[in-house]
Amino acid sequence: MKNILVVGSANMDLVMHTARMPQPGETITGGRFMTTQGGKGANQAVAASRLGAAVTFVACLGADAFGAQHRKSLADETIRLDSLKIDEELPTGTAVILIAQSGENTIVVAPGANNALLPQDIEAIEHEFQSADVVISQLEIPLQTVETVLYLSRKHHTLSVLDTGPACPLSPALLSMADIVSPNESEAETLTGIHVDSLESAQAAAKCLRDMGAAHVVMKLGSRGCLYVGKEEVYQPAFPIQAVDTTGAGDAFTAALAIAWNTIPLKEALAYANAAGALAATVAGAQPSMPHSATVSAFLQQQKGFSFAPHG
Ligand code: RIB
């Protein structure tokens, strides 16, 4: 069983399913509302735990009802929360998500307490980096905090995975501190200036990220699958699915990649991550959609030529 340390955000997702996206100034009725626990960090922690890892989650929540709900649901997922920070002033992070019938979504995040997770909080829990096999971080917490996470991962020779969502320009110095850099198409465009809308443009963007210092690039290409570019290049097509809600699908992918990396052959690890992401897109909501290990294994067994899993 891998020990995975996830450092990142926790948001309460306020989700509205709507027939179509409203125009500016327009009111549309007939929506369907749900609240679910979300935030890229928390989603990845839940996904990694459901996929069979021993997970420690480090985040900052507000001292409010959303924060309390998060603590309970993360504990119910058997995620270790010993180093969780509570900010007495700021509210727990919140995301307002609109999902149209077409599958298109828009997300606005109010980071709140996520912005109070500071470099010194990470330095204070340096011991967590010694016991972890993999450290996962994303960009919904302050960038200096992410830098500290990557610095301590490198110091303790712990594999680091940097999920570059949400899109934000990053320096070559930061990119070269992460062992694996994993952007989606729009994040890759923000990082490299290359518009990614085909396998060829994805290859060009991944090579550009390598030139900027990233050692291993794993690009999430949605319905096109994923692409690894390191010393070699491996493309893994997506599994065909009927997507209901893609919110959190990238988070399931990142968690599955962290679990499968160096455990099974690279092409199988990419397929495993694709399967977890695909399954997450078939269920509404972020954390409710994170698949369990048995579900991913069963899904892979149904796909011709796939009969592997990191846990055998
Ligand atoms: O990656 C999906 C997540 O992005 C949502 O859960 C939302 O909270 C935003 O952070």
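Key figures
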| quantity | calculated |
| --- | --- |
| Output for the stretch 144-177, where each listed residue is within 16 Å of the ligand (Cβ to nearest atom) and of a type in the set (A, V, I, L, M) | VAL146, VAL161, LEU162, ALA167 |
| Number of the condition not met by LEU98 [criteria: (1) more than 18 Å from the chain's Cα centre (by Cα); (2) buried (at least 18 other Cβ atoms within 10 Å of the Cβ); (3) more than 15 Å from the ligand (Cβ to nearest atom)] | (3) |
| Positions within the stretch 197-214 being within 21 Å of LEU150 (Cβ to Cβ) and out of contact with any helix residue (DSSP H, G or I) (no Cβ under 9 Å at 6 or more places or on another chain), in sequence order | ARG210 |
| Odd one out for ILE86, checked against (1) of a type in the set (Val, Ile, Thr); (2) away from the ligand (no atom under 14 Å from the Cβ); (3) closer than 28 Å to ASN262 by Cα; (4) surrounded by 15 or more Cβ atoms within 10 Å (Cβ to Cβ) | (3) |
| Flag for LYS2 being more than 16 Å from the ligand (Cβ to nearest atom), buried (at least 16 other Cβ atoms within 10 Å of the Cβ) and closer than 24 Å to TYR272 by Cα | yes |
| From the options THR27, THR56, THR18, residue that is in contact (Cβ under 8 Å) with a residue 60 or more places away in the chain and farther than 24 Å from PRO183 by Cα | THR18 |
| Within the stretch 244-312, helices (runs of 4 or more DSSP H) holding 2 or more residues that are modelled with pLDDT of 95 or more, at negative phi and within 15 Å of the chain's Cα centre (by Cα) | 249-260, 266-280 |
| Given (1) within 15 Å of the ligand (Cβ to nearest atom); (2) buried (at least 24 other Cβ atoms within 10 Å of the Cβ); (3) in contact (Cβ under 8 Å) with a residue 60 or more places away in the chain, number of the condition THR246 does not satisfy | (2) |
| Unique match (being in contact with a helix residue (DSSP H, G or I) (Cβ under 8 Å, 6 or more places away or on another chain), more than 16 Å from the ligand (Cβ to nearest atom) and modelled with pLDDT of 95 or more) among GLY52, GLY39 | GLY52 |
| Matching option when the condition is touching a His at 6+ places or on another chain (Cβ under 9 Å) and not basic (Lys, Arg), among SER201, SER176 | SER201 |
| Filter result (under 30 Å from VAL135 (Cα atoms) and of a type in the set (Gly, Ala, Ser)) within the stretch 25-41 | GLY38, GLY39, GLY41 |
| Among (1) buried (at least 16 other Cβ atoms within 10 Å of the Cβ); (2) closer than 23 Å to ALA47 by Cα; (3) hydrophobic (A, V, I, L, M, F, W, C) - the single one LEU170 does not satisfy | (2) |
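The values are calculated or read from the model by the stated rules, or taken from the named source; none is laboratory data. Everything numeric here is computed off the predicted structure, so don't read it as measured data. Here Cβ is always computed from backbone atoms with ideal geometry, including for glycine, and neighbour counts include all displayed protein chains.
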